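Right, one structure below, let's go through it.
Each value in this text was obtained by applying a stated rule to the coordinates, not by laboratory testing. Because the structure is a prediction, the values reported are computed rather than measured. Cβ sites come from the backbone with ideal geometry, for glycine too, and all protein chains shown count toward neighbours.
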Amino acid sequence: MEAGRIHCDLLVIGAGMAGASAALFAAKRGLKTVLVGSTAGLQFAGGMLDLLGVQAPNTANIPALRPWEAMAALIQEQPLHPYARIPLQEIRRAFVEFTELLASAGLSYYCEPENNLQIITSLGTRKTTYLVPKSMQSNAAALAQKPPCLLVDFEGLKGFSARQISATLGKHWPGLRHASISLNGAVHKSYPQPLAWELENQAVRAVLVKALRKQLQGEEVIGLPAVLGLASAGQVQAELEKELGLKVFEIPMLPPSMPGLRLKETMEKLFVNLGIQTLLQRQVQKVARSEGDGFTAYIGPDEPLTMVRARGILLASGRFFGKGLHATRKGILETIFNLPVYQPENRALWHHEDLLHSQGHPINRAGLETDENFRPLNSDGNAAFPNLFAAGTILAHNDWMHLKCGSGLSLATAYAAVNAFVQTRSNAFG
Amino acid sequence: MNPQHPTALSYPSATGPIRTQVLIIGGGATGTGLARDLALRGLHCVLAEKEDINAGASGANHGLLHSGARYVASDMDAAKECREEGELLKRLAPHCIEANGGLFVAVKGDDENYIADFPHMCADCGIPFEELDVKLARMLEPALSPNLIAAYRVADASIDPFRLSFENLAQAQQLGTLFLKDTAVVAFEIRNKRIETVRLQNRQTGEEITVIADQVVNAAGAWAGYIAAMAGLELHMIYSKGTLLVTQNRLTRRVINRLRPATDADILVPGGTVSILGTTSVRVPSPDGIRPTVAEVDLIIDQGAAMVPVLESTRFIRAYAGVRPLFGSQHDGGDRSVSRGFALLDHASNGVDNFITITGGKLTTFRLMAEKTADLVARRLGISAPCLTDKQPLPKTEFSQWTEPGLAPKLWLRRHDPNDNLLCECDMVPKSAVESITAQLSRSGRQTDLTAVALRSRIGKGPCQGSYCSVRVAAHMYDIGVLQGPQGIPQLRDFLQERWLGQHPLLWDLPLVQSDLMQALHCAFFNIDQEQNQEEPW
């Protein structure tokens, strides 16, 4: 055994939704787990957790209100989709286990187990999703019931206009009004994060409460930009509701968003709570097989590289945004193991001319093909390594942006891949 | 506080016909230049454009003000015209031009006879040139290939075709010209060998407009044949598609031309903070639905890299394609050898007395084309006022300046107004720019849309290609009352689709990462792709 090496059961590469949740699932199962990668992508999740947002992949872009029924259609139309490999009960368990973990670290989510929710976004669109942060529970309820409602924006906050939302939704929601408030006392007003930080300050909140009272004309509920605090978000919202005597909800806006940031910070807290060793904001430089079936990974970018000796690796390095896949003019490569990538035959077939094409873009289904245990395949069609697993958006045959299934895909495949790893370990040592 | 925006429009009432001396069809460089020329002669004009300013070839070219050297072998007359007009525009419209000069360079393997003849051909056309040592050329432009074998310096320049047309239109409007955006000709009613009325339709609202004009000028560029056909006339138009690529960073100081007979991807034109590489020449059956393709993009990069090797690895942010309106008969020399000279057609000889077509030509000679057309119009109307566009400088307006890459950051820093938020952070376009543009736009038509604001600014033209700024600009347009009702989402979809057409052939490496983010934001997060299908659940 050499000094300076970290030894672990499972090295998780990638700290987006799939990698981060895989590390949590693995640690919970008693595996000594190391997590390497950037958590920055979690902020772009926006904080909502999608399961499946379209009724069926080939019937245009109709929102699914009953996601588990839509799942049956998906599996029939796209039998290679990763969801088709996982029993529905397992997918449900993945969500339950994950949200219980979040709740244990103080972040509450809301869902109706059999239904999708629809919430108002800052664009005035209705986003279809499965789980929402507690701060958006009243958002979904308000959109569903359309009570008299006041939408409020803050002067100077970019990309959020209450007038826009009420103009967009107002035709079907007569009791919807809008107002704009100047947050005197707050210094940083243009971006969500500094504004959320300002609202942790009691004095700034008092200004807000006073201004809101002035605007109310008997509304039952108030929608605000999703900037109601950072760490003490729940408290900020609860206090506003108590002071005003009505429901207050958050409206998600352009990421990186506060609900996404809260999710990221909660997961980072859980890494500590569950004893996961993290090498965050760092990257795998190369991976070598070591004796037995293990791997040695060299983690950079700075010298000296950290060496991690792992019995197994879970690859959750994402797609192009996560740098798990890299596209050149000639084709698409997997960046760490140079695994074969399922992809359209040539670049002319990557995209449709219609951005919002009802079938989604072919390149968005490129990725790694795996066996039934989520082990990526080599060019012969066999598992490339007995103890290399893959999860999340890097998997082939999933167009998560089109299907609105990003979080669910990541959670479910992370859950299934970790369980498969545990299974192979117990087979080997059982 | 939402400052109320002027939305009152100086727009004609839909009830009666609009009477004017001249109806100009087509809002490209020629049409806007003609509107200014005629307005300066004191004539009242209506300019009808079926889309928006420079929607055709005027907005889909290199933005190159030719010295003329490009045409010395193929068309001496065009070369001389370019030289004269180029010099004139540099004097009278300097704010639209970057007089950066140009180089003609040859690399190993290029035709040595052409290289040897080039100085003589330039001299024959009176085009100033200077032979450069290749080492000096590479010192002046370090991005040039180490395989350079010849280099000449000429007086090429970069010109911003959008700013040019906006400024021409602005002065014309100030002098009383009525501009109808999104307004297409539906039919001509011809009686006694005259176009008596022209029926037009607003393509956004469907509203019909009738114009009664003494003279009608067809300046529809590549669409001139379609307009002429509505008057029962046949024009033989050739449609030559050219694709161009925009780099994220400016690669050279000067215009770089390949010193060889004109072919694919042999010109690289800098403009502000970017460079534009092109072009191809492919015969197409129609000027509509022209899109850059993956194969063209690859061809352009491979060819261009022989001259400027960094093109192989540089980041591109946009591809676009236009159709050169070539006018002429069938021939065997390829479309590049068709004269780039223009065609001024007096249709009195075809039996329509008050109808004129101006087509062909090139951006560099747009003013001359407008002048010759205006001369004919004035003659027919018995007006002796002379052309002034060759003497009077083109005035500079505040709202026309936002197309210049790199300008907005300078102005924003200079003004340093803490309340003037940047809405576009790639190219630093502030709220005040959007307000200035929408105020001007509201004078031109009933609809002010996101795409029209983007056309008049750098919005959506940086690396994020509108992923972020589109949302912020739309929100601000609601706040100032320019957008109303539920139109924001369809406008956002249209804007992103328009950006997409120029993006998707270039998506590899970082731009693909960016497009992943864009789709994640707009499809996965905002669900804008579902919004059109959500009528039922209400």
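Name the shape class, rounded, prolate or oblate, that the alpha-carbon gyration tensor gives for chain B, where a ≥ b ≥ c are the square roots of its eigenvalues, rounded holds for a/c under 1.5, and otherwise prolate holds if a/b is larger than b/c and oblate otherwise.
oblate
Using the alpha-carbon centroid of each, what span in Å lies between segment B:97-164 and segment A:48-95?
Computed from Cα coordinates, the inter-centre distance equals 60 Å.
Just tell me, in residue order, which DSSP H segments of chain A are both 30 angstrom or longer along the helix axis (alpha-carbon based) and at least 0.0 in mean Kyte-Doolittle hydropathy.
What comes out of the filter, once short or polar helices are dropped, is A:406-429.
Which value, in debye to the nearest 20, gives the size of the charge dipole of chain A about its Cα centre, when Lys and Arg are +1 and Asp and Glu are -1 at the Cβ?
Dipole of chain A, to the nearest 20 debye: 580 debye.
Of all DSSP beta bridges in chain B, what percent run antiparallel (nearest 5)?
In chain B, DSSP labels about 75 percent of beta bridges as antiparallel.
Under 16 Å between alpha carbons, and skipping anything fewer than 8 positions from residue B:410 in its own chain: which aspartates and glutamates qualify?
B:398, B:420, B:425, B:427
Given the protein assembly as shown, what percent of its DSSP beta bridges are antiparallel, to the nearest 5?
The antiparallel proportion sits near 60 percent.
Could you name the aspartates and glutamates whose alpha carbon sits less than 15 Å from that of residue A:286, not counting residues in the same chain fewer than 8 places away?
By straight Cα distance, residue A:286 reaches A:302, A:303, A:334.
Could you derive backbone 3J(HN,Hα) for segment B:80-87 from the dihedral phi with the Karplus parameters 6.51, -1.76 and 1.60 (θ = phi - 60°), listing whole Hz in sequence and x where the residue is Gly or Pro?
My calculation for segment B:80-87 gives 5, 4, 4, 4, 5, 5, x, 5 Hz in order.
Using Cα pairs closer than 8 Å and at least 6 residues apart in sequence, work out the relative contact order for segment B:109-260, in percent.
It rounds to 20 percent for segment B:109-260.
Considering only Cα-Cα distances, which of the following residue pairs are longer than 22 Å: A:127/A:214; A:127/A:158; A:146/B:431; A:134/A:242; A:214/A:247; A:28/A:323?
A:127/A:214; A:146/B:431; A:28/A:323
Compute the separation of the alpha-carbon centres of segment A:358-427 and segment A:299-336 and state it in Å as a whole number.
15 Å
Tell me, what HN-Hα J-couplings in whole Hz come from the Karplus equation 6.51 cos²θ - 1.76 cosθ + 1.60 at θ = phi - 60° for each residue of segment B:388-402, using x for Gly and Pro?
My calculation for segment B:388-402 gives 10, 5, 8, 10, 8, x, 6, x, 9, 10, 5, 6, 8, 8, 7 Hz in order.
Classify segment A:349-430: rounded, prolate or oblate, from the alpha-carbon gyration tensor (a ≥ b ≥ c, eigenvalue square roots; a/c under 1.5 rounded; otherwise prolate if a/b is larger than b/c)?
Judged from the Cα gyration tensor, segment A:349-430 comes out oblate (a/c at least 1.5, b/c at or above a/b).
Hey, got the average number of other protein chain Cβ atoms within 10 angstrom for residues in B:505-517?
That works out to 6 on average.
Relative contact order for chain A: what percent, with Cα pairs under 8 Å and sequence separation of 6 or more?
This gives 23 percent for chain A.
In whole Hz and in residue order, list the ³J(HN,Hα) couplings for segment B:237-253 that follow from phi through the Karplus curve 6.51 cos²θ - 1.76 cosθ + 1.60, θ = phi - 60°; x for Gly and Pro.
Ordered by residue, 3J(HN,Hα) equals 9, 10, 9, 10, 7, x, 10, 9, 10, 10, 8, 5, 10, 6, 9, 9, 7 Hz.
Please enumerate, by chain and number, the aspartates and glutamates with C-alpha under 15 Å from the C-alpha of residue B:181, excluding those fewer than 8 residues away in the same chain.
Within the straight-line cut-off, residue B:181 pairs with B:49, B:51, B:52, B:207, B:208, B:449.
Antiparallel as a % of all DSSP beta bridges within chain A, to the nearest 5?
Bridges in chain A that DSSP calls antiparallel: roughly 45 percent.
Please go through the residue pairs B:241/B:362; A:171/A:404; A:189/A:269; B:80/B:391; A:32/A:269; B:90/B:372 and name each one whose alpha carbons sit more than 23 Å apart in this structure.
A:171/A:404; A:189/A:269
Sort A:269-275, B:504-510, B:342-348 for me by packing, meaning the mean count of neighbouring Cβ atoms within 10 Å per residue, highest on top.
Highest mean packing first, the order is B:504-510, B:342-348, A:269-275.
Using a/c under 1.5 as the rounded threshold, could you call segment A:118-253 rounded, prolate or oblate? The axes a ≥ b ≥ c are square roots of the C-alpha gyration tensor eigenvalues, and prolate needs a/b larger than b/c, oblate otherwise.
In terms of gyration-tensor shape, rounded.
Find which of A:385, A:45, B:366 sits farthest along the positive direction of the dipole of the protein assembly as shown, computed with +1 on the beta-carbon of Lys and Arg, -1 on that of Asp and Glu, about the Cα centre.
The listed residue farthest towards the positive side: A:45.
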